[in-house]
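Notes follow the structure.
The values are calculated or read from the model by the stated rules, or taken from the named source; none is laboratory data. Being a predicted model, the structure only gives us computed values, none of them experimental. Please note: Cβ atoms are built from the backbone with ideal geometry, for glycine as well, and neighbour counts cover all protein chains shown.
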Amino acid sequence: MNQQRKKHVKITAEYCKACGYCIKVCPDNALEFERKFNSSGYHPVKWKGKCRMCGLCYTVCPDFAVEIDDQETS
Amino acid sequence: MKIRHHYCTGCGHGIIHRLLCEVIDELEIREKIIAIAPVGCAVFGYFYWNFDTAEAAHGRPPAVAAAIKRILPDRIVMTYQGDGDLAAIGGNEMLHAANRGDNITVVFVNNACYGMTGGQMAPTTVMNQITTTTPYGRNIEDGYPIKVCELLKELEGTVYIERTSVDSPANIIKSKKALKKALNCQIEGKGFSLVEILSMCPVGWRLNPQQSLEWVNKSMKKQFPLGVFKDRL
Amino acid sequence: MKKEIIISGFGGQGVMLAGTLLCYAGMRASKEVTFFPSYGAEMRGGTANCKVIISDSPIGSPVFSEADILISLNCPSFEKFYPSVKDGGIVFVNSSLFSPPAEERSFEMVKIPANNIAEECGTVLAANIVMIGSFAKKTGILDPETILQSIPEALEGKEKLWDINKKALSAGFNA
Amino acid sequence: MTKKLLKGNYAVVEGALQGGIDAYFGYPITPQNEITEYMSQRMRAEDRVFLQAESELAAINMVFGAALTGKRTMTTSSSPGISLMQEGISYLAGCELPAVIVNVQRGGPGLGNIDGAQGDYFQSVKGGGHGDYRLLTLAPSSVGETYSMCRDSFDLAFKYRCPVLILTDGVIGQMIEPAEVDDTPLKKDKKVKDYGWNLTGCLGRERRVVRSLYMKEGALEKLNLRLAERYEAMKKETDWEESDTEDASLILVGYGTSARINYDAARRAREKGMKVGYFRPKTLYPFPSERLKELSGKANFLVVEMSMGQMVEDVRLAVSKDTHVEFYGRPAGGIPETDKILEICKKMTA
């Protein structure tokens with residue numbers, strides 16, 4: 001469990017095309033669209049922080065924008 | 001995968017590409033796979049795939065793949081085709097590769113329309129579906145949606161045929177399992193395998209991504225039920 | 001010397017075999033040869049014919065419109081091809097099957113009851129080779145011994161048929 | 001070399017085997033069925049790949065697949081089937097893949113008939129499929145030459161990384177005559193070679209992509225320029241046969257079967273005292289234009305074809321302005337008549 005807490009959801013905002021699939025499937029309501037645009041003109045998705053790290057957002061992302069990162073978070 | 005791809009918002013190709021690459025890595029076949037890209041949106045698949053790939057003429061990947069496999073039987077040969085490529089212009093090549101039982105794997109992405117050319121009717125366009133060439137909805141005059149899995153399962157030459165979708169996390173995981181099984185079928189030398197994946201084309205369907213997930217679930221699955229159609233593994 | 005020969009009959013009479021046998025024999029006799037068959041739809045049930053050229057000098061076209069020699073195994077093929085025989089040419093007819101009326105044209109007609117002779121040799125199927133035997137005798141273009149030696153080549157892999165065809169060749173030559 | 005009595009279509013098979021063919025794909029069509037039939041027998045006996053395709057379309061794409069792997073591959077067909085293959089041929093050219101295609105021409109257009117004809121000259125040397133490409137086109141006029149051209153075509157295809165077309169016809173395919181064939185045992189090379197462009201799986205190297213789609217600005221133009229350079233380099237393969245041209249006032253020009261007819265006609269014309277020469281292109285692309293130009297200063301030309309006049313256009317382009325070029329042809333299975341050629345010779349040399 002300790003390890004899991006170290007994981008975090010990393011979103012490459014530049015890859016995101018704002019389909020919203022990840023927001024739809026997230027059981028913890030942990031994702032939302034940002035207000036700002038990325039360089040392609042989409043409102044990319046942002047991880048709000050707290051979640052159970054289920055990885056569904058990674059599973060459904062068509063744009064290789066979501067990663068579950070093993071690196072420790074601050 | 002660290003790359004920004006060219007597919008539209010909500011397009012299923014990205015998910016399927018990722019699944020394929022994961023499976024290929026897990027099976028450790030990256031260095032022996034030869035993939036054939038179709039004509040269609042996935043023609044540029046090789047921008048994102050780090051293995052040997054060739055483009056084939058529209059519809060002909062199964063013939064190209066059959067030849068490669070016969071010459072290099074210890075390599076893994078895969079075609080990645082859309083509904084126009086596989087089920088319309090390449091119907092004959094698909095049928096005969098399957099019927100010969102060529103030991104290849106076909107990944108068939110069915111999004112019920114021609115994405116690359118702007119959303120015209122595909123052979124898999126469902127009844128009443130509006131496309132740019134069926135402005136009043138597909139009706140009998142346009143012909144019926146072709147059911148590739150149902151068709152191929154009847155052929156002696158096919159070994160593993162499954163239809164999955166990528167409209168939900170559960171189905172995505174099933175798709176990955178199916179792809180793995182199909183490639184394993186080839187690795188074990190069993191024969192022809194095909195995985196049909198129902199995929200979203202929000203732009204072609206004139207829907208938003210959320211609605212397109214819904215549409216796969218409600219409309220496409222009715223016409224194209226999911227499941228394993230043949231498993232002689 | 002350059003002789004243009006048409007061999008004709010209906011499918012199954014061994015027209016092509018007779019033609020290739022002439023080629024093998026011609027080659028054995030160090031002559032230039034070509035063989036050109038009718039093919040395709042005609043092969044199955046209809047008339048069959050082939051054109052053979054035997055020459056002392058290199059051969060151009062394997063196809064020709066006028067023949068020096070016609071070997072005709074049945075009546076329809078005789079009627080089809082005799083108009084293309086040159087004046088002074090020779091026509092061999094299988095008189096077991098038909099007897100053409102006397103012609104005004106100036107070619108020589110050699111009548112051979114090939115089916116009867118072949119039957120006596122053991123099989124009616126060898127009528128083609130009987131005709132070749134007669135052809136050898138009449139024209140002298142190819143030595144019968146050379147043709148005899150070529151039978152195994154023309155019938156490669158069909159050893160059983162060699163003897164009966166050799167017999168038919170001799171019978172045709174001596175008829 | 002041994003002299004062997006051989007049918008033209010069988011010579012294709014034996015020549016290809018001697019040339020090291022690894023894989024054959026084909027679909028039956030008259031008058032080249034013997035090739036597909038005999039291939040099925042010989043290729044399997046020699047432990048090589050043979051597959052009867054479901055169509056000519058599939059056959060040429062199987063050739064495409066085989067060529068991708070860097071193996072020596074061939075398909076054969078006759079006119080209508082070759083039309084169907086044009087898509088694949090264009091892709092082979094665009095992807096810079098080596099392959100050998102044999103066209104045993106028959107009468108057209110449409111289903112035409114099954115007689116020997118020469119109506120596919122334009123299709124063979126002026127394109128056929130879409131895009132700016134050429135095929136190295138060889139035209140045998142005898143069974144022996146069919147054998148040697150099929151044997152050597154694989155090396156040419158690999159040398160220029162392009163499809164090589166062997167343009168023969170029903171007469172040469174169906175005829176039997178003695179041919180010089182090699183006595184050397186067939187080479188058996190099962191190894192997968194790496195040419196730097198073929199696909200074999202990326203074990204131990206960077207992955208490769210073979211493609212003909214270039215969307216980036218200028219990229220496709222670059223490919224086309226590279227191809228054009230290669231087609232220019234091909235010109236050193238230009239080959240022809242000529243006789244009695246030195247003092248000729250008229251030269252008969254033809255390829256394949258019509259050249260054989262010309263050969264007879266030229267000899268007979270000489271016997272009659274006419275100064276007639278004989279010229280036969282062995283390569284149709286590249287075309288022996290330069291040699292024809294040299295000859296055109298002294299002689300006029302009669303081009304004979306089994307068509308309504310296709311190669312004659314290339315002869316007219318090659319020769320000097322004041323040269324007189326006449327044409328005589330019979331299409332769709334008609335065989336040009338020697339007497340008719342002699343008649344024209346008489347008029348042109350008078």
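Worth a mention:
- Scanning region D:47-68 for residues that are charged (D, E, K, R) and either surrounded by fewer than 21 Cβ atoms within 10 Å (Cβ to Cβ) or in contact with a helix residue (DSSP H, G or I) (Cβ under 7 Å, 6 or more places away or on another chain) (or both) yields D:47, D:54, D:56.
- Within region B:74-88, the only residue that satisfies the criterion of being at the interface with another protein chain (Cβ under 10 Å from one of its Cβ atoms) and under 15 Å from the mean Cα position of the chain (by Cα) is B:77.
- Where residue C:159 falls short, out of the listed (1) within 22 Å of residue C:52 (Cβ to Cβ); (2) out of contact with any strand residue (DSSP E or B) (no Cβ under 9 Å at 6 or more places or on another chain); (3) surrounded by fewer than 17 Cβ atoms within 10 Å (Cβ to Cβ): (1)
- Filter pass, residue B:190 being assigned to a helix (DSSP H, G or I) and surrounded by fewer than 23 Cβ atoms within 10 Å (Cβ to Cβ): no
- Scanning region D:171-217 for residues that are closer than 30 Å to residue D:5 by Cβ, of a type outside the set (A, V, I, L, M, F, W, C) and part of a loop (DSSP other than H, G, I, E, B) yields D:182, D:183, D:184, D:185, D:187, D:188, D:189.
- Count - residues of region B:21-40 that are surrounded by 24 or more Cβ atoms within 10 Å (Cβ to Cβ) and under 14 Å from the mean Cα position of the chain (by Cα): 5
- Within region D:203-250, restricting attention to residues that are basic (Lys, Arg) and away from chain B (no Cβ under 14 Å), the residue that is farthest from residue D:265 (Cα to Cα) is D:222.
- Filtering region C:9-56 to residues that are among the small types (Gly, Ala, Ser) and at pLDDT below 95 leaves C:9, C:11, C:12, C:14, C:38, C:40, C:41, C:45, C:46, C:48.
Residue-by-condition table, conditions (1) buried (at least 24 other Cβ atoms within 10 Å of the Cβ); (2) in contact (Cβ under 8 Å) with a residue 40 or more places away in the chain; (3) small (Gly, Ala, Ser); (4) in contact with a helix residue (DSSP H, G or I) (Cβ under 8 Å, 6 or more places away or on another chain):
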| position | (1), (2), (3), (4) |
| --- | --- |
| D:12 | yes, yes, no, yes |
| D:37 | no, no, no, no |
| D:40 | no, no, yes, no |
| D:45 | no, no, yes, no |
| D:91 | yes, yes, no, yes |
| D:101 | yes, yes, no, yes |
| D:110 | no, no, yes, yes |
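- Taking residues in region D:57-81 that are facing another protein chain (nearest Cβ under 8 Å) and part of a loop (DSSP other than H, G, I, E, B), and partners anywhere that are surrounded by fewer than 24 Cβ atoms within 10 Å (Cβ to Cβ) and among the hydroxyl-bearing types (Ser, Thr, Tyr), the pairs with Cβ atoms closer than 7 Å and at least 6 places apart or on different chains are D:69/D:200.
- Residues of region D:237-270 that turn out to be surrounded by fewer than 22 Cβ atoms within 10 Å (Cβ to Cβ), assigned to a helix (DSSP H, G or I) and touching a residue at least 40 places away in the same chain (Cβ under 8 Å), as a count: 3
- Which listed residue is crowded, with 16+ Cβ neighbours inside 10 Å, facing chain D (nearest Cβ under 9 Å) and in a helix (DSSP H, G or I), from C:60, C:19: C:19
- Among the candidates B:195, B:228, residue that is more than 14 Å from chain A (Cβ to nearest Cβ), surrounded by fewer than 23 Cβ atoms within 10 Å (Cβ to Cβ) and hydrophobic (A, V, I, L, M, F, W, C): B:228
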